[in-house]
Amino acid sequence: NAGVTQTPKFQVLKTGQSMTLQCAQDMNHEYMSWYRQDPGMGLRLIHYSVGAGITDQGEVPNGYNVSRSTTEDFPLRLLSAAPSQTSVYFCASSKQGKGSPLHFGNGTRLTVT
Amino acid sequence: GQQVMQIPQYQHVQEGEDFTTYCNSSTTLSNIQWYKQRPGGHPVFLIQLVKSGEVKKQKRLTFQFGEAKKNSSLHITATQTTDVGTYFCAGGTGGGNKLTFGTGTQLKVEL
């Protein structure tokens, strides 16, 4: 099993550009989520989804959009990149239900200049 | 909103010394999970605690969940270089999957 696959691994954007971070999982997990990781701040939840067609905001959703058209895919869109969005982004998935462990992708390191 | 803090932020130890990281939530949790992230890697699930006062062990690692279900700790006995990384706690509330991660404790182990 590939698990959770994120692409690209690295990306450099100019301020104002848009892009999509891809995330796919092959474990038939209902729950998928996006986190950003910044030094000293841990992992902060951006958006999450409990199933196809259902998404919700986390604690830092501004500047990001998501959609969940299939169980497998959960792309994260940056609408107009800003330097404050320079970060490492992790996609994670789990089975539905309290306490199911999260399976993380390898991350995307994004730099916005 | 819910906040989860961890202390210390950094810890340097000599190999063989013990290490403890503490996790404190602003709200009562239904469960708490612990993850380890090696340098340059992604977080990997270690364990989950759900009961008040619960204690679980994994070899040299001991995890505790506080009686009030608002705090937790991870203790490593006799650290090894393989323990290097950042340890995160993550708290859940209610019956869903959503987790709030702590700020993490970065552990460095010197020979």
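Before moving on, here are some points about what is shown:
- Backbone HN-Hα couplings from phi across the range B:79-92 [Karplus 6.51/-1.76/1.60, Hz, Gly and Pro as x]: 4, 10, 4, 6, 7, 4, x, 10, 9, 10, 9, 8, x, x
- Between A:Lys95 and B:Gln14, the modelled label-to-label distance comes to 4.6 nm, taking each label 7 Å out from Cα in the direction of the beta carbon.
- Here the mean projected area of the convex hull built on the C-alpha positions of chain B is 6.5 nm².
- Calculated FRET value between A:Asn62 and B:Ala78, using beta carbons and R₀ = 45 Å, to 0.05: 0.50
- Computed label-point distance, nm, for sites A:Thr113 and A:Val12 using a 7 Å Cα→Cβ extension: 0.4 nm
- Rg to Rh, two decimals, where chain A supplies the alpha carbon set and Rh follows Kirkwood: 0.95
- Packing-based exposure ordering (other Cβ within 10 Å, fewest first) of A:Thr20, A:Thr55, B:Thr103: A:Thr20, A:Thr55, B:Thr103
- For the peptide A:37-49, the mean number of other protein chain Cβ atoms found within 10 angstrom of a residue's Cβ is 4.
- Working from label points 7 Å from Cα in the Cα-to-Cβ sense, the B:Ser26 to A:Arg77 distance is 3.1 nm.
- Kirkwood hydrodynamic radius of the range B:62-111, Cα pairs, Å: 12.7 Å
- For B:Gly104, the residues whose modelled amide H falls within less than 5 Å of its own, excluding neighbours fewer than 5 places apart on the same chain, are B:Gln6, B:Cys89.
- This model, with +1 at the C-beta of Lys and Arg and -1 at the C-beta of Asp and Glu, gives the protein assembly as shown a dipole about its Cα centre of some 120 debye.
- Taking one quarter of the surface of the convex hull spanned by the alpha-carbon atoms of the protein assembly as shown gives a direction-averaged projected area of 12.0 nm².
- Close amide H contacts of A:Gln96 (hydrogens built in the peptide plane, cut-off under 5 Å, sequence separation of 5 or more or a different chain): A:Glu30, A:Tyr31.
- Charge dipole magnitude, Cβ of K and R +1, D and E -1 - chain A, Cα centre, debye nearest 20: 240 debye
Coordinate-derived values only; no laboratory data. Computed from a predicted structure; not experimentally measured. Because the Cβ atoms are built from the backbone with ideal geometry, glycine has one as well, and the counts that use them run over all protein chains shown.
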